[in-house]
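Notes for the one structure printed next.
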2 protein chains.
Amino acid sequence: MISGKFAITIHILTLLHKFPNDYLSSEFIAGSINLNPVLVRKEIANLKAHHIVESKEGKNGGTKLAVNATELTLRQIFEMTFESIGLGFAKNQPNPDCPVGKNINKHLETLYNEMNQKVSAQLENISLEDFSNQF
Amino acid sequence: MISGKFAITIHILTLLHKFPNDYLSSEFIAGSINLNPVLVRKEIANLKAHHIVESKEGKNGGTKLAVNATELTLRQIFEMTFESIGLGFAKNQPNPDCPVGKNINKHLETLYNEMNQKVSAQLENISLEDFSNQF
DNA sequence: ATATTTGTAATAAATTTTATTACAGTATGA
DNA sequence: TCATACTGTAATAAAATTTATTACAAATAT
């Protein structure tokens, strides 16, 4: 299901921003990321579902940005890629007969939610254009 | 190498804080986390290396806290477990012949570093005792 | 028409994470 | 002093997750 979705997505979007007049192929993009083109297309499908990009099928087809890069924030990308900050949970259900085990995940979740809010606030202030213009 | 190191470690430490007078066995701790005892012992080895806990081998052995829970911050735990916040990098080297590919990881790293600073600042304000007293 | 590209599913390979097994070494206490 | 119950650690296996590959239908430019 792709773990580095955020990184891949921001890479795709940066490329699209650098070539605003072209429809870039998944092959081309995959060549820059060094990733399988099918995975690129999957992330693009997600971006399309959020109306961030548009693609054209067929020969000379590809994908281009459909929004203004100054108005797209890294926070939106963060949220679109279903990412969230966290430091893990006990994978198996912790022991419900132990007062600590019973509640640990709840408390960790609260903590992680606070972390996510801080991170989101930070990402809110960075637009795709800001990010892309660093290159 | 254990991915939820932070979560496991904080679970261990919370238990130790709840039973300040006992040496808790890895078996007991593992029963609360619902994790293999060997992995608990590995995390404890890390805590020992940082002088956060002390253990006693042999019969009736186990582990207990060696520091004051009011003085141990979640930030320290975060750092001790070598965790860091991030949203991934392209796993394979991105294409060095592409201006975006060549620099993306560097820029992502800068971004992630900023995120880590924010998160660290937040975790700095929470002690093990604060966390544990929620239970 | 042909070639190129998206879209998507199915499957395989690789990697990472977690669990298990095994056993030497250490302390306790009957 | 001997059986027992732990830690510590290595080696291996199993499970889960992530990434890659293959395949092909549908679309479209030239």
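The values are calculated or read from the model by the stated rules, or taken from the named source; none is laboratory data. This one's a predicted model, so the numbers in the text were calculated from it and none came from an experiment. Every residue, glycine among them, receives a Cβ derived from its backbone with ideal geometry; neighbour counts consider all protein chains shown. Only protein heavy atoms, including side chains, enter the accessible area calculation; ligands, DNA and RNA are left aside. Shrake-Rupley method; radii C 1.70, N 1.55, O 1.52, S 1.80 Å.
Here the stretch B:31-49 is the region considered, the condition is being assigned to a helix (DSSP H, G or I) and at the interface with chain A (Cβ under 10 Å from one of its Cβ atoms), and the residue that is surrounded by the fewest Cβ atoms within 10 Å (Cβ to Cβ) is B:GLY31. Could you check the stretch B:6-47 and list, in sequence order, the residues that are more than 13 Å from the chain's Cα centre (by Cα), within 21 Å of A:LEU87 (Cα to Cα) and basic (Lys, Arg)? B:ARG41, the sole residue that qualifies. Here A:ILE12 meets each of (1) within 16 Å of DNA strand D (Cβ to nearest atom); (2) farther than 30 Å from B:ALA7 by Cβ; (3) part of a helix (DSSP H, G or I); (4) open to solvent by 10 Å² or more (accessible area, probe 1.4 Å) with one exception, condition (4). Within the stretch A:55-86, the set of residues being free of Cβ contacts under 8 Å to residues at least 60 places away in the same chain, part of a loop (DSSP other than H, G, I, E, B) and touching a helix residue (DSSP H, G or I) at 6+ places or on another chain (Cβ under 7 Å) comprises A:THR70, A:LEU72, A:SER84, A:ILE85, A:GLY86.
Just one of B:PHE28, B:PHE131 is more than 16 Å from DNA strand C (Cβ to nearest atom) and not polar (S, T, N, Q); which is it?
Of the residues listed, the single one that is more than 16 Å from DNA strand C (Cβ to nearest atom) and not polar (S, T, N, Q) is B:PHE131.
Hey, any hits in the stretch A:54-65 for a residue that's crowded, with 23+ Cβ neighbours inside 10 Å and under 19 Å from A:SER132 (Cβ atoms)?
Just the residues of the stretch A:54-65 that are crowded, with 23+ Cβ neighbours inside 10 Å, to begin with: A:63.
Next, only the ones that are under 19 Å from A:SER132 (Cβ atoms) stay: A:63.
Looking through the stretch A:54-65, at least one residue is crowded, with 23+ Cβ neighbours inside 10 Å and under 19 Å from A:SER132 (Cβ atoms).
Mind listing whichever residues of the stretch A:81-135 are of a type in the set (S, T, N, Q) and either open to solvent by 30 Å² or more (accessible area, probe 1.4 Å) or over 16 Å from the mean Cα position of the chain (by Cα) (or both)? Across the stretch A:81-135, the qualifying residues are A:SER84, A:ASN92, A:GLN93, A:ASN95, A:ASN103, A:ASN105, A:THR110, A:ASN113, A:GLN117, A:ASN125, A:ASN133, A:GLN134. When B:PRO96 is tested against (1) more than 7 Å from chain A (Cβ to nearest Cβ); (2) within 13 Å of DNA strand C (Cβ to nearest atom); (3) modelled with pLDDT under 95, just one condition goes unmet, and that condition is (2).
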